[in-house]
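The values are calculated or read from the model by the stated rules, or taken from the named source; none is laboratory data. Keep in mind it's a predicted model, so treat the numbers as computed, not measured. Note that each Cβ is placed from the backbone with ideal geometry, even for glycine, and that neighbours are counted across all protein chains shown. Note: areas computed on protein heavy atoms with side chains; ligands, DNA, RNA excluded. Shrake-Rupley method; radii C 1.70, N 1.55, O 1.52, S 1.80 Å.
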Amino acid sequence: SRDVIERQTAHLSRLVDDLLDVSRITTGRLTLQRERLDLSVVFDRAVEASRPLMEGRRQALEVRLPETPLWVEGDLVRLAQIVLNLLNNAAKYTPAGGRIWLSGEKEEYTVVVRVRDSGVGITPELKTKIFDLFTQGARTLDRSDGGLGIGLTLVERLAALHGGTVEVESGGSNQGSEFIVRLPAAPAPARAEGSGSQPGSVAGRSRLRRRVLVVDDNRDSTETMSMLLGVWGHDTRSAHDGPAALGIAAEFQPEVVLLDIGLPGMDGYEVARRLHEIPGLRNTVLIAMTGYGQEEDRMRSRSAGFARHLVKPADPGALRQLLEALPE
């Protein structure tokens, strides 16, 4: 249950960020967090998120993948968003009791993702502008089944950012439709990825005990982060504003400070500057943990002396690896 909550919260935070800055998305100013991925992982996340909609409409989903992994290079959340948008689109415009097919295959140097449905289909007039922003054709379904008209635009833009393309095929009204996404195939890894211990696991204690100060005006966030650090074996203190953080830091002498940027009164940048002025804290590692995740925010935190910039909700596995990678 915890893993599902973590995945869905991370996905939701990225989707909300999209809606708050539509111009950034539609002009292609997105920064991808690229990694080598097995397409099955992308499918799993998308299917998990779309399943409630399909179950509510009593629709059958069939997923097909070859036994050999299909490797792609890209941003897991964004690739899952592509597939999720296509699945949700298929579910919304397929009558109750209909069928949806999701498949992946390799064609030479390309990984091909297909989402096909038995729904209302697409007219030739709508087909020519289906990927335009805010485009919605006349539907026989209730208006509540429609969206904002940005889902397919995002699919096209995100596919392009990954070096891919998307196209649509349909025989017309009530003939169903098929969306085809083509992405560059990535080479298979030299060894199986994901073997050994899971970096995101909270079981067990870290190799080194760190002194960590957590600074956040959100008390729930501070408390849960301190609890997690304690499970990993670290010695923690917490503060909810800048002056309190400076006072505790002078006495506690933390090795690491997890510092929120949007603090009331004295913001995180000012706290960072003053922390490094405290005797003995010049080499303390500052890690920004904030809801501000644009590229300009990351650049500003680096110039303010932060070693890393993590966007809330921070991935526990990434944070743990970061703490363990610090020199003794």
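Worth pointing out:
- Qualifying residue in region 224-242 (condition: small (Gly, Ala, Ser), open to solvent by 30 Å² or more (accessible area, probe 1.4 Å) and at pLDDT below 90): no
- Looking only at region 243-275, and only at residues there that are part of a helix (DSSP H, G or I) and of a type in the set (D, E, K, R), the one that is surrounded by the most Cβ atoms within 10 Å (Cβ to Cβ): Arg274
- Residues that are out of contact with any helix residue (DSSP H, G or I) (no Cβ under 9 Å at 6 or more places or on another chain) and under 18 Å from Asp3 (Cβ atoms), drawn from region 35-50: Asp38, Ser40
- Residue satisfying condition, being among the hydrophobic types (A, V, I, L, M, F, W, C), open to solvent by 20 Å² or more (accessible area, probe 1.4 Å) and in contact with a Gly (Cβ under 6 Å, 6 or more places away or on another chain), within set Leu70, Leu65: Leu65
- Evaluating Arg282 against the criteria (1) farther than 20 Å from Glu328 by Cα; (2) of a type in the set (Lys, Arg); (3) free of Cβ contacts under 8 Å to residues at least 24 places away in the same chain leaves one unmet condition, (1).
- Checked against the criterion of being touching a residue at least 12 places away in the same chain (Cβ under 8 Å) and under 26 Å from the mean Cα position of the chain (by Cα), the candidates Val271, Val256 yield just one match: Val256.
- Of the residues making up region 105-122, those that are part of a strand (DSSP E or B) and open to solvent by 10 Å² or more (accessible area, probe 1.4 Å) are Glu105, Lys106, Glu107, Thr110, Arg114, Arg116, Asp117.
- Residue check, Leu76 under 23 Å from Tyr109 (Cα atoms), in contact with a Phe, Trp or Tyr (Cβ under 8 Å, 6 or more places away or on another chain) and modelled with pLDDT of 85 or more: no
- Check on Leu84, without any contact (Cβ under 8 Å) to a residue 12 or more places away in the chain, open to solvent by less than 30 Å² (accessible area, probe 1.4 Å) and not in a strand (DSSP E or B): no
- Residue-level analysis places Glu167 outside the set of residues that are surrounded by fewer than 17 Cβ atoms within 10 Å (Cβ to Cβ), modelled with pLDDT of 90 or more, over 26 Å from the mean Cα position of the chain (by Cα) and under 21 Å from Leu79 (Cβ atoms).
- Among the residues making up region 300-328, those that are open to solvent by 70 Å² or more (accessible area, probe 1.4 Å), over 20 Å from the mean Cα position of the chain (by Cα) and either among the hydrophobic types (A, V, I, L, M, F, W, C) or under 21 Å from Asp217 (Cα atoms) (or both) are Arg300, Ala325.
- Of the criteria (1) at pLDDT below 90; (2) in contact with a helix residue (DSSP H, G or I) (Cβ under 8 Å, 6 or more places away or on another chain); (3) part of a helix (DSSP H, G or I), which one Leu32 fails: (3)
- Selected residue (only one of Ala91, Ala96, Ala160 is surrounded by fewer than 14 Cβ atoms within 10 Å (Cβ to Cβ), closer than 30 Å to Arg36 by Cα and modelled with pLDDT of 80 or more): Ala160
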